[in-house]
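Only one structure is covered here, and it is reproduced in the block below.
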Amino acid sequence: MVPRFTPTMDGREGGETIVFIQGWPDDATLWNGSVAALGDTYRCVRVTLPNYRGDRTARWGYTTAELVQALEGLIREAGGGRPVTLVMHDWGCYWGHAVHHRCPDLVARIAGVDVSPHYRASTIGAVLGIIAYQWWLLAAFVVGGPIGDWMTRSFAKLARVPVAPARLSAWMNYPYRNIWADMFVGRDRKLTDGYWPSCPLLFVYGEKKPFPFHSAAWLDHVGKVGGDVVGLPCGHWVPYEPSFVDVLRRWLNRHASPLRAGHSAQSAAPSS
């Protein structure tokens, strides 16, 4: 079943539309600072995923395919026939890039935050770290109940997640079930197979993490098509870094008239 999203809209009515998409375990308030800074110029659309408002509405969450389809519908409706700018963080990047690859005409510009497509951990430490925390959260999701909630909150505390513990629950962890199911059948690669967009690109990442969530190939590609790559002195939750909004605003200003939507996803693919 495809979830129905109820977006929150702020900012300038009639302005260029920015759609913000976040991941685990954040709700739409992750972007409060960005919306406050950009709302005088842009129409800002945000959405919170099921089970992420402190609610428990869908025990087993939704699959990647269902989320991508739902976000495609949201972006299509938000744009009203005009391409939008996507600003994405964490799992929002995983789903948002998939939507863009699937429907390039819906998106004029892409700003990815801390997670890139075509990523594979390149060191033993990163591989082990990712397996450890993702399987911990996946196990918490399956177990559920008070034990699953405790497991989720204990990891969030360890990772210094900037979300109130009372709002965290095991029901939020379905993206971790999804990613391992996707990898098992190769769906994760198919989502962005051949995806090297040539529209205006921005990639911002936190420099103070145990390991990165981006690939060197993506950084090279962003630079190749004239995009911006910016590292900030923070951890994974880059949107809370005070300088993030200035980086985003400068990039938006440089591309105030978006290039023609629908750039080929293969047109700027890196040479082998």
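The values are calculated or read from the model by the stated rules, or taken from the named source; none is laboratory data. Note that the structure is predicted; figures quoted are calculated from it, not measured. Backbone-built Cβ (ideal geometry, glycine too); neighbour counts: all protein chains shown. Each accessible area value is taken on the protein alone, full model and side chains, heavy atoms only, with ligands, DNA and RNA left out. Shrake-Rupley method; radii C 1.70, N 1.55, O 1.52, S 1.80 Å.
Scanning region 73-104 for residues that are in a loop (DSSP other than H, G, I, E, B) and either farther than 21 Å from residue 172 by Cβ or among the small types (Gly, Ala, Ser) (or both) returns 80, 81, 82, 83, 103. Take the conditions modelled with pLDDT of 95 or more, touching a strand residue (DSSP E or B) at 6+ places or on another chain (Cβ under 9 Å) and over 21 Å from residue 214 (Cα atoms) and apply them to residue 38. Does it pass? Criteria met by residue 38. Only residues that are touching a strand residue (DSSP E or B) at 6+ places or on another chain (Cβ under 6 Å) and outside any loop (DSSP other than H, G, I, E, B): list them for region 182-203, please. Within region 182-203, 201, 202, 203 meet the criteria. Taken over region 13-59, the residue count meeting the criterion of being open to solvent by less than 10 Å² (accessible area, probe 1.4 Å) and assigned to a loop (DSSP other than H, G, I, E, B) is 10. Being open to solvent by 60 Å² or more (accessible area, probe 1.4 Å) and within 21 Å of residue 192 (Cα to Cα): is that true of residue 122 here? Answer is yes for this residue.
Only one residue in 147, 179, 131 is in a helix (DSSP H, G or I), in contact with a helix residue (DSSP H, G or I) (Cβ under 9 Å, 6 or more places away or on another chain) and open to solvent by 40 Å² or more (accessible area, probe 1.4 Å), so which one is that?
On the way: 179 fails: open to solvent by 40 Å² or more (accessible area, probe 1.4 Å); 131 fails: in contact with a helix residue (DSSP H, G or I) (Cβ under 9 Å, 6 or more places away or on another chain).
Answer to the check: 147.
Working carefully through the options 121, 156, 70, find the one that is assigned to a loop (DSSP other than H, G, I, E, B) and not polar (S, T, N, Q). Give the derivation first.
On the way: 156 fails: assigned to a loop (DSSP other than H, G, I, E, B); 70 fails: assigned to a loop (DSSP other than H, G, I, E, B).
Answer to the selection: 121.
Once region 204-230 is narrowed to residues that are closer than 20 Å to residue 120 by Cβ, of a type outside the set (Ser, Thr, Tyr) and assigned to a strand (DSSP E or B), the residue that is nearest to the chain's Cα centre (by Cα) is 206.
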